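The values are calculated or read from the model by the stated rules, or taken from the named source; none is laboratory data. Note that the structure is predicted; figures quoted are calculated from it, not measured. Reconstructed Cβ throughout: ideal geometry from the backbone, glycine too, with neighbour counts over all protein chains shown. Accessible surface areas use protein heavy atoms only, side chains included; no ligands, DNA or RNA. Shrake-Rupley method; radii C 1.70, N 1.55, O 1.52, S 1.80 Å.
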Amino acid sequence: VVWQGLALSGIFSWIVITCYFDVTRKVRSLLQPWVSHHVVSGTSIILKIQKHQHKFLDALFSGLSCIVSVPFYTAFLPLLFWSGHGKLARQMTLLMALCDYLGNCIKDVVSAPRPNCPPVRRITATKDEEENALEYGLPSSHTLNTSEDAFVKLGAVTLACLLVGFIGFGRIYLGMHSLIDIIGGLVFGFMILAIWLSVHEYVDAFIVSGQNVTSFWAALSFLLLFAYPTPEFPTPSFEYHTAFDGVVFGIVTGIQQTYHQFHHEAVPRIFTSQLTIPTFLGRMLVGIPTILIVKFCSKALAKWILPVVSNALGIPIKSTSYVPMLNGSATDKKSSEIKQSSYIHKMLFFSQQDLFDVDTGIRFLQYAGLAWSVVDLVPSLFSHLRL
């Protein structure tokens, strides 16, 4: 309990200090010019690589980028949980969330541009890639995530290095990153991996058998939303973090409550007589529609509940996309004038915004509900259906 209080107090203190001393802007003023210079000077390297463009290479590197993307893990991780590899699945979820949070924090602190297009040819084969292109460049999230994931899943150093190299080279070939971004992704990736390997067993033990797990993680998730740095210009990075933050909260909550029922080390695993391929396919047919329904319902409930609760507590809110009636300037102005003196709003003095975007809370609850259903609701259905 003591270490939990110290951890939360430390994060809160960091939020106050960084806001009061404007740490993000000062760090950006030091790093952004240096990184931007290397992005510009690295354009010639990208153009030399892109001289060898070919449709096969376009498809190859676009495909490699997809296998370390957030949508891929959103689809893959539930199947890993349902196949009986609970420990691997939850550790991969936590590691990906850590990489996503720290990587996007660095992106938005530095706010370094991507390679200019043109002259660089940028290939965005999917909608996910188009959204990624709206983020800042350093570090390369794909390279950072690959350096984590390769060591966790492949285990062989040679194959891991090849995969990391292909992903990094592919991001340059696709015009998404400069050489400095790839190097930054590698460096930060190995640093995060080293930290994770030293603490992952303690974190896992806390999740499955610790005290105050749900309340601690709820407070941690809330503080991390405020600890996220403000970029020079808005990007989708914060939205990605919010979604992953919600996923981790849902996973941790569900695992903590149902570990001894569905996620202990003795559960049946795929390719065994206890969990055959037909049974696993049955799990997929039941599980995937269920989690999609829960995601839809969680979003609908959050869109209805959060504005009501915010109004009751006197928190001034806005919505950029989820709640159209909160998107008008007149509504924002009226809400701000009425609720500026709110006690709760004064308590959140470290926030520099007058209105809180309720979309953040909606997105968090939506993905928390989805993740909870993956590890709690759906395994319960499997148990009732004898799958």
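So if I check each of 139, 229, which one is at pLDDT below 85, open to solvent by less than 20 Å² (accessible area, probe 1.4 Å), touching a helix residue (DSSP H, G or I) at 6+ places or on another chain (Cβ under 6 Å) and not in a helix (DSSP H, G or I)? Walk me through it before giving the result.
Values: 229 fails: at pLDDT below 85.
Step by step, each of 139, 229 is checked, and only 139 is at pLDDT below 85, open to solvent by less than 20 Å² (accessible area, probe 1.4 Å), touching a helix residue (DSSP H, G or I) at 6+ places or on another chain (Cβ under 6 Å) and not in a helix (DSSP H, G or I).
Let's see how each residue does on (1) at positive phi; (2) in contact with a Ser or Thr (Cβ under 8 Å, 6 or more places away or on another chain); (3) of a type in the set (Lys, Arg); (4) open to solvent by 60 Å² or more (accessible area, probe 1.4 Å):
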residue: 3; (1), (2), (3), (4): no, no, no, yes
residue: 9; (1), (2), (3), (4): no, no, no, yes
residue: 38; (1), (2), (3), (4): no, yes, no, yes
residue: 52; (1), (2), (3), (4): no, no, no, yes
residue: 61; (1), (2), (3), (4): no, no, no, no
residue: 64; (1), (2), (3), (4): no, no, no, no
residue: 75; (1), (2), (3), (4): no, no, no, yes
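Does residue 251 qualify as being in contact with a Cys (Cβ under 8 Å, 6 or more places away or on another chain), farther than 30 Å from residue 119 by Cα, part of a helix (DSSP H, G or I) and not aromatic (Phe, Trp, Tyr)? Break it down stepwise before answering.
Values: in contact with a Cys (Cβ under 8 Å, 6 or more places away or on another chain): no; farther than 30 Å from residue 119 by Cα: yes; part of a helix (DSSP H, G or I): yes; not aromatic (Phe, Trp, Tyr): yes.
So residue 251 does not fit the description; no.
Can you go through 257, 211, 274 and tell me which one is of a type in the set (S, T, N, Q) and closer than 19 Å to residue 373 by Cα?
Working: 211 fails: closer than 19 Å to residue 373 by Cα; 274 fails: closer than 19 Å to residue 373 by Cα.
After ruling out the rest, the residue left standing is 257.
Residue 107 - would you say it is at pLDDT below 85 and among the basic types (Lys, Arg)?
So residue 107 fails the test.
So, of the residues in the range 232-281 that are aliphatic (A, V, I, L, M), closer than 22 Å to residue 205 by Cβ and in contact (Cβ under 8 Å) with a residue 24 or more places away in the chain, which turns out to be surrounded by the fewest Cβ atoms within 10 Å (Cβ to Cβ)?
Restricting attention to the range 232-281, the residues satisfying the condition of being aliphatic (A, V, I, L, M) are 243, 247-248, 251-252, 255, 266-267, 270, 275, 277, 281.
Okay, now just the ones that are also closer than 22 Å to residue 205 by Cβ, so 247-248, 251-252, 255, 266-267.
Add one more test, that the residue is in contact (Cβ under 8 Å) with a residue 24 or more places away in the chain, and what stays is 247-248, 251-252, 255, 267.
Numbers: 247: 27, 248: 26, 251: 26, 252: 29, 255: 26, 267: 15.
Among them, the one singled out is 267.
Right, residue 346: within 21 Å of residue 15 (Cβ to Cβ), modelled with pLDDT under 80 and part of a helix (DSSP H, G or I) or not?
Numbers: within 21 Å of residue 15 (Cβ to Cβ): yes; modelled with pLDDT under 80: yes; part of a helix (DSSP H, G or I): yes.
Judged against the criteria, residue 346 is a match.
Just to check your reading of the model, which residue among 29, 36, 13, 41 is of a type outside the set (Val, Ile, Thr) and touching a Pro at 6+ places or on another chain (Cβ under 7 Å)? Walk me through it before giving the result.
On the way: 29 fails: touching a Pro at 6+ places or on another chain (Cβ under 7 Å); 13 fails: touching a Pro at 6+ places or on another chain (Cβ under 7 Å); 41 fails: touching a Pro at 6+ places or on another chain (Cβ under 7 Å).
Only one candidate qualifies: 36.
I need the full set of residues from the range 11-36 which are within 26 Å of the chain's Cα centre (by Cα), loosely packed, with under 12 Cβ neighbours inside 10 Å and more than 21 Å from residue 104 (Cβ to Cβ), in order please.
Correct list: 13 only.
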